[in-house]
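The values are calculated or read from the model by the stated rules, or taken from the named source; none is laboratory data. Just so we're clear, the structure is a prediction, and the values are computed from it rather than from any experiment. No Cβ is skipped: glycine too gets one built from the backbone with ideal geometry, and neighbour counts run over all protein chains shown. Accessible surface areas use protein heavy atoms only, side chains included; no ligands, DNA or RNA. Shrake-Rupley method; radii C 1.70, N 1.55, O 1.52, S 1.80 Å.
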Amino acid sequence: MELILETLGLARSAELLALNPPGWGGNLLRGLANSLQIAFGAFGFGLVIGLFGASGKLYGGVVVRDLLAIYTTVIRAVPELVLILILYYVGTDLINQVSQAMGYGRVEISGVVAGIWVLGIVQGAYATEVLRGAIQAVPKGQIEAARAYGMPPTMIMRRVTIPAMMSFATPGLANLWLIATKDTALLAIVGFSELTLETRQAAASTRAYFTFFLAAGALYMMVTLFSGAIFARIEKWARRGQPSLRGTSK
Amino acid sequence: MAVSDSAAKEIQAPDEQSEAIRVTDLHKSFGSLEVLKGVSLTAHKGDVVAIIGGSGSGKSTFLRCINFLETPTSGQIVVNGEEILMRADGTPVKRRQIERVRTRLGMVFQAFNLWTHRTLLENVIEVPIHVLKVPRAEAIEKAKILLDRVGLGDKADTFPSYLSGGQQQRAAIARALAVDPSVMLFDEPTSALDPELVGEVLTVIRDLAAEGRTMLLVTHEMKFAREVATHVVYLFEGCIEEQGPPAELFGNPKSARLQQFLQTVG
Ligand SMILES: Nc1ncnc2c1ncn2[C@@H]1O[C@H](COP(=O)(O)OP(=O)(O)OP(=O)(O)O)[C@@H](O)[C@H]1O
Ligand SMILES: [Mg+2]
């Protein structure tokens with residue numbers, strides 16, 4: 001094993017990537033864990049916003065619809081990096097002003113929470129559109145049948161609309177999840193130690209840029225492949241009851 | 001509560017007690033288009049009321065107003081002696097009341113409208129379990145009996161899209177029966193079916209009529225209406241043009257419009 005690494009000239013890389021110091025592998029993995037934690041939280045937060053946003057856009061009053069239109073338009077128009085800077089600094093500033101006005105000192109805002117909140121708001125705008133489209137794709141008759149049998153609106157949402165729209169929403173949501181995992185890299189700009197920042201630090205301290213960025217790329221790649229497999233299963237489940245377009249013979 | 005309930009029942013005239021549905025002077029407009037222009041109709045328990053009429057005469061709208069899938073513009077609707085409280089603009093006063101009344105009205109749609117992400121069994125148990133709060137085991141047991149009854153006992157675990165239209169419609173009828181409806185509403189249950197599949201669905205409906213189920217049935221199948229209905233209503237441009245027992249209405253139509261309608265549909 002060592003011989004192979006030696007001959008390929010990778011012995012030093014292996015050393016640099018070792019999990020324990022002086023190797024930097026542990027830092028990279030911690031960064032990855034942070035990234036995933038934020039991506040997961042932001043995706044979930046975005047889904048919640050998206051569900052309310054989509055319902056608001058479809059069933060809300062004029063004011064709600066207008067506000068949501070502004071939200072989705074602005075968020076989708078402004079570059080994410082700019083949004084992150086705005087939301088992060090404005091958000092933390094507001095919280096501090098409020099807390100100081102109320103007589104508390106400055107509050108320390110956890111990077112994870114800030115990251116989830118910032119990316120979640122961005123994700124929410126896209127999720128609103130994905131879910132709105134999916135809800136509209138649900139055949140009207142299915143919702144009508146639920147109404148005709150006395151289901152209250154929230155039950156219709158839970159028992160009919162959401163399960164029925166899942167097959168239309170999963171491809172879009174899978175994209176959003178992948179975007180969430182990669183957008184965490186943008187949080188490096190506000191000094192949050194996710195995978196990209198950890199990688200940069202490791203690379204800068206060792207001058208082994210190529211090794212570390214390649215390793216980080218491989219980690220992102222693994223996340224994508226793994227997510228792809230999970231979403232394929234989710235989609236298969238969501239599409240239950242719908243005959244495949246290819247027919248049953250496969 | 002129980003006392004006042006029974007007291008209320010005693011006050012009702014016997015005639016009123018046997019009423020399943022009473023609709024009085026029902027109006028419905030879509031924007032400036034007046035689709036129902038004052039329709040009144042009473043169905044007693046055990047009645048099979050067939051509603052016939054040309055396309056666009058308002059048959060579906062009438063049926064859908066009864067369970068408030070469409071909001072009536074004005075009029076009065078009484079289901080099982082309970083008047084549905086409406087505001088001046090026709091919207092229901094209490095959503096809960098509508099929802100409760102809807103569970104008493106098993107509706108069967110032209111396009112079946114089964115929930116495609118659920119198996120036939122799941123479709124049939126959905127409302128009993130989640131709306132009527134029937135224990136799951138009990139609901140499943142009953143659903144299996146109902147699916148057997150409509151000839152789909154072996155398809156309980158199949159998803160609707162894998163079935164023929166006739167099978168889907170029979171499953172939809174099982175779903176309606178699962179709530180033990182006091183009145184069944186059929187909106188052209190066979191119009192979306194291939195001709196060779198119509199018979200199997202009509203057979204199921206005929207059985208239901210024979211066992212004394214109260215039904216309102218919008219249909220284009222005149223022969224069938226004549227055979228199963230106890231009362232036939234002919235709608236023309238949002239008004240009841242003529243009504244009566246099937247033998248009268250089909251055998252000896254009085255209005256010229258009905259005569260012409262019966263000629264064109266054969
Ligand atoms: N949601 C709606 N908005 C506007 N107009 C409508 C709506 N639903 C029905 N209408 C109109 O109301 C009229 C009556 O429609 P309805 O569906 O009740 O007719 P029908 O007698 O059931 O006809 P068919 O035999 O074709 O089913 C038609 O002119 C139709 O275009
Ligand atoms: Mg119709």
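Within segment A:220-233, the presence of a residue that is among the aliphatic types (A, V, I, L, M), modelled with pLDDT under 85, part of a helix (DSSP H, G or I) and exposed (fewer than 15 other Cβ atoms within 10 Å of the Cβ) is excluded. Restricting segment B:49-77 to residues that are touching a helix residue (DSSP H, G or I) at 6+ places or on another chain (Cβ under 7 Å), more than 23 Å from residue A:140 (Cβ to Cβ) and of a type in the set (Val, Ile, Thr), the residue that is surrounded by the fewest Cβ atoms within 10 Å (Cβ to Cβ) is B:77.
Considering (1) over 16 Å from the mean Cα position of the chain (by Cα); (2) within 16 Å of ligand 1 (Cβ to nearest atom), the lone condition that residue B:113 does not fulfil carries the number (1). Within segment B:158-170, residues that are under 13 Å from residue B:119 (Cα atoms) and more than 9 Å from every other protein chain (Cβ to nearest Cβ) sit with their Cβ atoms under 7 Å from residues that are open to solvent by 20 Å² or more (accessible area, probe 1.4 Å) and of a type in the set (Lys, Arg), at 6+ positions apart or across chains, in these pairs: B:163/B:155; B:167/B:155. Candidates in segment B:78-97 are the residues that are within 29 Å of residue B:220 (Cβ to Cβ) and more than 16 Å from ligand 1 (Cβ to nearest atom); of these, the one that is most open to solvent (accessible area, probe 1.4 Å) is B:80. Scan segment B:119-126 and give yes if some residue there is open to solvent by 40 Å² or more (accessible area, probe 1.4 Å), free of Cβ contacts under 8 Å to residues at least 60 places away in the same chain, within 16 Å of ligand 1 (Cβ to nearest atom) and farther than 22 Å from residue B:186 by Cβ, otherwise no. No: zero hits.
Being more than 16 Å from ligand 2 (Cβ to nearest atom) and in contact with a Pro (Cβ under 7 Å, 6 or more places away or on another chain) narrows it down to one residue among B:90, B:81; which is it?
Values: B:81 fails: in contact with a Pro (Cβ under 7 Å, 6 or more places away or on another chain).
Within the list B:90, B:81, the selection yields B:90.
Filtering segment B:214-255 to residues that are among the aliphatic types (A, V, I, L, M) and exposed (fewer than 15 other Cβ atoms within 10 Å of the Cβ) leaves only B:247. Scanning segment A:120-165 for residues that are under 14 Å from residue A:51 (Cα atoms), within 14 Å of another protein chain (Cβ to nearest Cβ) and among the polar types (S, T, N, Q) yields A:154, A:161.
Scanning segment B:180-201 for residues that are assigned to a helix (DSSP H, G or I) and buried (at least 20 other Cβ atoms within 10 Å of the Cβ) yields a count of 1.
Rundown of residues vs (1) part of a loop (DSSP other than H, G, I, E, B); (2) closer than 30 Å to residue B:122 by Cα; (3) touching a residue at least 24 places away in the same chain (Cβ under 8 Å), yes/no style:
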site	(1), (2), (3)
A:90	no, no, no
A:96	no, no, no
A:114	no, no, yes
A:117	no, no, yes
A:130	no, yes, yes
A:134	no, yes, yes
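Looking across segment A:98-123, just one residue is surrounded by fewer than 11 Cβ atoms within 10 Å (Cβ to Cβ) and polar (S, T, N, Q), and that is A:110.
Scan segment A:75-88 for residues that are in contact (Cβ under 8 Å) with a residue 40 or more places away in the chain and open to solvent by 70 Å² or more (accessible area, probe 1.4 Å) and the total you get is 2.
Among the residues of segment A:194-207, is any within 14 Å of chain B (Cβ to nearest Cβ), at pLDDT below 90 and open to solvent by less than 40 Å² (accessible area, probe 1.4 Å)? Before the answer, list the steps.
We begin by selecting, within segment A:194-207, every residue within 14 Å of chain B (Cβ to nearest Cβ); these are none.
No, every residue in segment A:194-207 fails to be within 14 Å of chain B (Cβ to nearest Cβ), at pLDDT below 90 and open to solvent by less than 40 Å² (accessible area, probe 1.4 Å).
Name the residues in segment B:170-179 that are under 14 Å from the mean Cα position of the chain (by Cα) and in a helix (DSSP H, G or I), would you? Before the answer, list the steps.
Step one: list which residues in segment B:170-179 are under 14 Å from the mean Cα position of the chain (by Cα), which gives B:172-177, B:179.
Within segment B:170-179, B:172, B:173, B:174, B:175, B:176, B:177 meet the criteria.
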